[in-house]
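A short reminder: the numbers here are calculations on the coordinates, not readings from a lab. Just so we're clear, the structure is a prediction, and the values are computed from it rather than from any experiment. FYI the Cβ positions are ideal-geometry reconstructions off the backbone, even for glycines, and counts take in every protein chain you see.
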Amino acid sequence: MSPSIQELKNKLQDLYQSAEQDLKSARSSSELYELKTHHIGNKSRFQKMMKEMKNLSPEEKPLFGKWLNEKKTALEEMYSSLFRELKNRELEQKIKTEKIDLSLPGPPSHKGGLHPVQLIIQKTVNIFKSLGYSVRTGPMIESDWNNFQALNIPTDHPSRDLQDTFYIDEAHVLRTHTSPIQVRSMLAEKPPMAILAPGKVFRRDNDVSHSPTFHQMEGMFIDTHVSMAHLKGTLSYFVKELFGTNTKVRFRPSYFPFTEPSAEYDCSCPICGMKGCPMCKQSGWMEIGGCGLMHPKVLELSHIPSEKWEGFAFGLGMERLAIVYYGIPHIKLFLENDIRFLEQFSFKGES
Ligand SMILES: [Zn+2]
């Protein structure tokens, strides 16, 4: 025979009392939580009483359901208030017993350092500053005119095929070289001038030995009676200052639309002293960049009279220089942000 509503009510009262007694006896918040789960959790006897309702009459069901809910809510509220009380007590206890030892050393902190590419930019700038050059900067998003046309690279010029360019829109690009800074300087200043333009440049190159972003430094000198001899003397001075007095420079004929004549220039391998090593591919020479006398048209496009003024320009690949200077085997190391690699340069900064 199924139990009557009175019997169920008595049973509910018993369960409630036993739960109340247990909850009040808990000594810690974790013990209290376990007791709560035991008494009113999903698998508790309390929960199972819900099933007993099916044997009651339709009039009795809501009445019993109401009692059941009242008791359960009362127990849940009791649990919450006891839990807060126990937690507070535990915290007070913790504060009393745990002491902070102020004499203990703190966790070690990582000291930041300059990236090897930034270090080599600093060194290069310092060397050219000693020759009277000063630094100019410009935006990374450039007009097509500053990046190409002002440098004697018209829209249909074949040399545009050489430069796979990131176009922002038809008239703007991510600069493919730092030469637009030279254009900006020519338009804003009057010769004689000696400027350096270091910065990040962008090309659609991405393979084992190329990265779509890298650093260049452009140098430009404008004065009267400027010759290739001045250019070679300047670059020789630079490599000797950077790599040592025995370093040599050699020019190889080349072609750029913005210089005439143009040359690629190499320096004698500072790693093997021209004996031949893997870094210089056994040739004894390292490629450093391109250079040449400024094309009269480039001067004219920036409103500098070419019958009076002459100039030279050179470009340096900064990752390339850092590779040679520090003997770094792989260009990808510059971009990986591996702290073990970067830490080796932390203390090598120079002002
Ligand atoms: Zn070598």
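What whole-number value in cubic angstrom gives the convex hull volume per residue for the C-alpha atoms of the chain? Don't jump to the answer; show the numbers that get you there.
Numbers: hull volume 105.4 nm³, N = 351.
Dividing the Cα hull volume of the chain by its residue count gives 300 Å³.
Among rounded, prolate and oblate, which fits the stretch 1-48 when a ≥ b ≥ c are the square roots of the eigenvalues of its C-alpha gyration tensor, a/c under 1.5 means rounded, and a/b larger than b/c means prolate? Could the numbers behind the result be given before it?
On the way: a/c = 5.48, a/b = 2.14, b/c = 2.56.
Oblate, since a/c reaches 1.5 and b/c is not below a/b.
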Scanning the chain, every Cys lacking a C-beta partner under 4.7 angstrom -> C267, C291
Restricting to Cα pairs under 8 Å and 6 or more apart, the percent relative contact order of the chain works out to 15
The base-10 log of I(q)/I(0) that the Debye equation returns for the stretch 194-346 at q = 0.13 Å⁻¹, one scatterer per C-alpha, is -0.68
Burial-style ranking of 92-99, 251-258, 338-345, average other-beta-carbon count within 10 Å with highest first, yields 251-258, 338-345, 92-99
Once the in-chain neighbours fewer than 8 apart are removed, the lysines whose Cα is under 25 Å from K99 read K87
Ranked on Cβ counts within 10 Å of their own Cβ, fewest leading, M294, M217, M78 go M78, M217, M294
Phi-derived 3J(HN,Hα) across the stretch 34-42 with the Karplus relation (6.51, -1.76, 1.60, θ = phi - 60°), rounded Hz, x for Gly and Pro, is 4, 5, 4, 4, 5, 8, 10, x, 4
Along principal axes, largest first, the alpha-carbon spread of the stretch 5-97 in whole Å comes out as 58, 18, 17
Measuring from the longest principal axis of the C-alpha atoms of the chain, the long axis of helix 60-97 (C-alpha) lies at a number of degrees, nearest 10, equal to 60
Amide H proximity to S254 below 5 Å, modelled H, separation 5+ or other chain, gives S262, A263, E264
Row for the stretch 127-284, column shape: gyration tensor on C-alpha, a ≥ b ≥ c, rounded if a/c < 1.5 i.e. under 1.5, prolate if a/b over b/c, else oblate; value oblate
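Assigning unit charges at the beta carbon (Lys, Arg +1; Asp, Glu -1) and nothing else, what dipole magnitude in debye, to the nearest 20, does the chain show about its Cα centre? Walk me through the numbers on the way to the answer.
Values: 44 positive and 42 negative charges, 234 e Å.
That gives a dipole near 1120 debye.
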Listed by chain and number, the lysines with an alpha carbon less than 30 angstrom from that of K248, same-chain partners under 8 positions apart left out, are K123, K129, K200, K232, K240, K275, K281, K332, K348
In order over the stretch 134-143: 3J(HN,Hα) from phi, Karplus 6.51/-1.76/1.60, θ = phi - 60°, whole Hz, x for each Gly or Pro, gives 10, 8, 10, 10, x, x, 7, 8, 10, 6
Per the charge dipole of the stretch 5-97 (beta-carbon charges, Lys/Arg positive, Asp/Glu negative, Cα centre), the residue among N10, H38, S81 reaching farthest to the positive end is H38
A student applying the Cα gyration tensor rule (rounded when a/c is under 1.5; otherwise prolate if a/b is larger than b/c, oblate if not) would label the stretch 1-155 oblate
Relative contact order of the stretch 227-351 (C-alpha contacts under 8 Å, at least 6 apart) in percent is 19
